[in-house]
Amino acid sequence: MSDKSLSGAELAELVTGLHRLARNLWWTWNQEAQEIFQELSPRCWQNLYHNAVAILQEVSEYELHVRLQDHDFAHRVRSVLHEFEAYLSEPETWGNQNAPKLVKNPVAYFSAEFGFHETLPIAAGGLGVLAGDHAKSASDLGLGFIGISLFYREGYFQQTVNQDNWQTEYYTLLNPRNLPLEPVLDPRGEPLVCSVEIAMSQVYFQAWRVNVGRCPVYLLDSNRPENEQRFRDLTLRVYGGDSTTRIMQEILLGIGGVRLLRALGVQPSTFHMNEGHAAFLTLELVREKLAAGQILRDALANSKQECIFTTHTPVEAGHDRFSTDLMNYALLKMMGQLKLSIQDLMGLGRVKPENESETFCMTVLALKGSRAANGVSELHGQVSRSMWQGLYPGLTVDQVPIGYITNGIHLLGWMKGPVRRFWRRKLSSPPAEAVAAGEGTRFWALKPGLNWNRDMNTKAFWERMGDPSFISDEEIWALRYKLRRELIEFARRRLLIQGQRLLHGDFISFDHLLNPDALTIGFARRFATYKRAPLIFQQLEDIVKLIGDKQRPLQFVFAGKAHPRDDEGKRFIQHIIHLSKYTELKGSLVFIENYDVHVARQMVSGCDIWLNNPRRPLEASGTSGQKTSCHGCLNLSILDGWWREGYDGTNGFAIGDDSHPDSIEEQDRRDSTNLFRVLTEEVIPTFYARDAQGVPRKWIAKIRSAMVTLVPQFNTWRMVQEYADKYYIKR
Ligand SMILES: *Cc1c(COP(=O)(O)O)cnc(C)c1O
């Protein structure tokens with residue numbers, strides 16, 4: 001490296017590169033890139049909630065120039081930018097090799113929500129996080145892929161809890177200029193504006209592009225001056241308002257999304273509906289074909305060939321239904337264009353088209369309008385087949401054409417930065433003895449064609465975890481301590497802020513909250529009632545006894561949002577916070593407010609046990625438990641969704657067996673008893689069985705087993721390939 005200062009041209013190149021990097025979410029799964037933004041202003045990094053675009057606005061052009069005269073810093077910026085450019089222009093991707101046709105005619109993936117990163121809170125929960133992870137892996141794989149969603153300028157709600165321990169919601173306005181969004185422009189440099197017909201109105205919208213590595217995701221935004229206020233507010237909030245808002249949002253998403261793609265000159269080979277919300281896109285495809293001169297029957301059949309559908313839940317409330325009146329009102333103009341009567345239209349959304357008492361179901365429209373459909377785990381596939389058997393008269397449940405692809409997570413995006421570095425170091429550098437013995441090539445870093453994005457998802461990579469010559473029990477245990485400590489310090493910071501708000505400055509010593517040596521059990525997800533957040537406290541006295549055991553301490557960290565209109569979910573939150581303040585659980589149970597992907601990342605890495613106790617079979621897949629394995633946190637879960645496939649007896653803990661009773665009361669009773677039994681007979685004894693060195697060998701063996709068996713399987717690198725093989729490439 002030379003000592004002379006950077007030339008003006010070099011400086012300009014690095015500055016431009018940093019701005020480009022900040023507006024591509026690739027940086028969110030690259031540790032070195034994150035550290036550059038963090039280092040520019042550590043305080044803003046924390047206060048602005050890890051927002052790279054905002055950091056670059058905080059730091060003046062002059063400061064940036066001065067900072068880049070630090071050779072080491074400039075060198076790291078240069079190398080990250082180099083890696084970024086290499087990623088974007090990589091010629092030999094999985095997609096190029098296996099799905100070259102999708103380069104010209106990509107998959108258009110429609111989802112009402114996308115969860116990418118904490119700075120863009122436009123997801124309500126797991127569905128959106130899955131969509132975000134799908135897009136990230138599509139990019140890593142180099143697949144022809146475009147996402148479509150809405151830009152909710154107030155996003156999903158932020159959660160606080162008031163004096164009565166009752167969830168309250170507030171919203172903050174998102175400013176596109178401070179976010180990794182780029183306006184989609186027409187050739188004159190003006191926002192590209194398209195429109196859809198809603199009720200009797202023409203509703204205009206523009207779009208924002210999120211760069212997810214190589215893949216664009218377009219967010220439709222109806223906040224246009226041409227629109228009446230009520231239509232400008234259509235894209236205000238994620239699933240905001242009543243069913244009228246809902247149907248209008250879905251018209252915008254489905255029909256507007258197709259129109260935006262056409263305006264961009266994109267001809268997708270497949271339209272993938274992630275949940276039924278986007279199913280109106282099938283009507284737009286039919287309308288296009290009618291306009292091109294096809295007869296209705298052909299238009300329906302041909303549009304069906306272009307679509308696939310993923311259903312995500314057996315929970316009834318998860319399937320949008322609209323009344324005949326609402327359909328008639330909201331889709332009046334569209335019906336005219338489709339030359340369909342309201343009866344014909346309603347028929348498309350009914351199991352029995354003639355049945356006038358049936359409402360219009362978006363899932364039914366999606367199933368009828370797709371050439372293939374799938375659930376998100378093996379069990380959920382089965383459940384969906386029996387749920388929708390009525391749509392396929394004459395077929396047995398097994399013949400119902402709904403398959404399954406089990407969900408995954410985007411591994412690099414979820415793996416905490418220091419952990420990523422830890423595994424890379426451990427698996428990269430061969431000990432001198434190994435090299436001397438000519439065994440160096442067993443080590444990953446010496447492999448030809450190394451590619452961490454790819455290799456970290458492979459079985460061969462994680463199989464090394466089973467081999468103590470790569471990493472000792474002591475090192476894994478040290479990592480666990482480090483991650484638990486990071487979670488506890490994060491929780492103390494958050495609880496201090498929560499406490500200050502409620503106590504008006506009363507002093508509470510948050511520095512002693514939670515015990516860094518204690519077995520830490522985490523539970524965080526949406527507080528939908530079927531997930532039964534308070535189940536473990538049903539046997540409160542017994543739990544209190546366990547907590548009282550000073551030799552084998554136990555503690556709980558909870559987080560999660562209830563839907564704004566779900567009072568029962570809010571009562572669950574209230575109950576748990578009440579227990580954390582006014583019972584013997586005080587100090588050993590905390591509730592962290594405002595669950596989001598950042599809180600999730602702290603918890604799935606820092607906890608020892610990830611608790612999941614849904615009412616089977618309602619958890620179609622669940623993904624939060626998949627985020628834990630690479631960090632050495634173990635699952636303790638009902639055999640529902642993905643865990644029914646993941647659990648093998650050695651890699652975590654199961655609550656109950658592969659069955660469930662019909663009665664809900666019986667199920668709750670049985671599950672709570674089983675949960676308590678596994679906890680006291682397996683989890684706690686294994687965690688506290690320490691040898692002479694103080695290391696819980698059997699616990700660590702389970703961690704290794706989870707890494708080898710779960711990490712390479714339950715990721716979106718595998719999942720997106722499966723979608724490509726089964727549904728995107730094959731027709
Ligand atoms: C992963 C994740 C979810 C999904 O959790 P489940 O256990 O699958 O319900 C929900 N919300 C956030 C913020 C997540 O990160």
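The values are calculated or read from the model by the stated rules, or taken from the named source; none is laboratory data. Here the structure is a predicted model, which is why all the values come from computation and not from measurement. Counting neighbours? That spans all protein chains shown, and the Cβs are built from the backbone with ideal geometry, glycine included. Calculation scope for accessible area: heavy atoms of the full protein, side chains included, ligands and nucleic acids excluded. Shrake-Rupley method; radii C 1.70, N 1.55, O 1.52, S 1.80 Å.
Some points to look at:
- Hits in region 89-116 - residues which are over 19 Å from A724 (Cβ atoms) and surrounded by 24 or more Cβ atoms within 10 Å (Cβ to Cβ): A112, E113, F114, G115, F116
- In this structure, T520 does not qualify as away from the ligand (no atom under 16 Å from the Cβ), open to solvent by 30 Å² or more (accessible area, probe 1.4 Å), over 22 Å from the mean Cα position of the chain (by Cα) and not charged (D, E, K, R).
- In this structure, E356 does not qualify as acidic (D, E) and in contact with a Phe, Trp or Tyr (Cβ under 9 Å, 6 or more places away or on another chain).
- Considering region 341-352, and only residues there that are open to solvent by less than 60 Å² (accessible area, probe 1.4 Å), more than 12 Å from F280 (Cα to Cα) and free of Cβ contacts under 8 Å to residues at least 24 places away in the same chain, the residue that is farthest from the chain's Cα centre (by Cα) turns out to be S341.
- E619 being crowded, with 20+ Cβ neighbours inside 10 Å, within 15 Å of the ligand (Cβ to nearest atom), modelled with pLDDT of 95 or more and not polar (S, T, N, Q): yes
- Selection within region 546-595 - basic (K, R) and open to solvent by less than 20 Å² (accessible area, probe 1.4 Å): K570
- With respect to the stated conditions, A86 is without any contact (Cβ under 8 Å) to a residue 40 or more places away in the chain and open to solvent by 10 Å² or more (accessible area, probe 1.4 Å).
- Restricting D668, D658, D640 to residues that are out of contact with any strand residue (DSSP E or B) (no Cβ under 6 Å at 6 or more places or on another chain) and exposed (fewer than 15 other Cβ atoms within 10 Å of the Cβ) narrows the list to D658.
- Qualifying residue in region 628-636 (condition: within 16 Å of the ligand (Cβ to nearest atom) and either open to solvent by 30 Å² or more (accessible area, probe 1.4 Å) or under 25 Å from G318 (Cα atoms) (or both)): no
- The set of residues in region 193-243 being within 29 Å of the chain's Cα centre (by Cα) and either assigned to a loop (DSSP other than H, G, I, E, B) or surrounded by fewer than 16 Cβ atoms within 10 Å (Cβ to Cβ) (or both) consists of G213, R214, S222, N223, L236, R237, V238, Y239, G240, G241, D242, S243.
- Test: residue in region 280-291 that is of a type in the set (A, V, I, L, M, F, W, C), within 29 Å of the chain's Cα centre (by Cα), buried (at least 21 other Cβ atoms within 10 Å of the Cβ) and within 21 Å of V193 (Cβ to Cβ): yes
- Some residue of region 529-545 being more than 16 Å from the ligand (Cβ to nearest atom), open to solvent by 30 Å² or more (accessible area, probe 1.4 Å) and among the hydrophobic types (A, V, I, L, M, F, W, C): yes
- Only one entry in A131, A124 is open to solvent by 10 Å² or more (accessible area, probe 1.4 Å), within 24 Å of the chain's Cα centre (by Cα) and within 27 Å of R259 (Cα to Cα), namely A124.
- Neighbours by Cβ (under 8 Å, 6+ apart or cross-chain): first from region 154-181, within 14 Å of I573 (Cβ to Cβ) and basic (K, R); second modelled with pLDDT under 95 and open to solvent by 50 Å² or more (accessible area, probe 1.4 Å): none
- Selection of region 223-257 for residues being without any contact (Cβ under 8 Å) to a residue 40 or more places away in the chain and touching a strand residue (DSSP E or B) at 6+ places or on another chain (Cβ under 8 Å) yields R224, E226, N227, E228, F231, L234.
- R601 surrounded by fewer than 24 Cβ atoms within 10 Å (Cβ to Cβ) and near the ligand (Cβ under 10 Å from one of its atoms): yes
- Considered as a group, the residues in region 457-500 that are among the charged types (D, E, K, R) and open to solvent by less than 10 Å² (accessible area, probe 1.4 Å) include one that is nearest to P712 (Cα to Cα), and that residue is R480.
- For region 669-707, a residue qualifies if it is within 14 Å of I476 (Cα to Cα) and of a type in the set (A, V, I, L, M, F, W, C), and the qualifying residues are F687, V695, W699, I700, A701, I703, A706, M707.
- With a requirement of 2 or more residues that are over 28 Å from the mean Cα position of the chain (by Cα) and in contact (Cβ under 8 Å) with a residue 12 or more places away in the chain, the helices (runs of 4 or more DSSP H) lying completely within region 591-704 that satisfy it span 664-678, 684-688.
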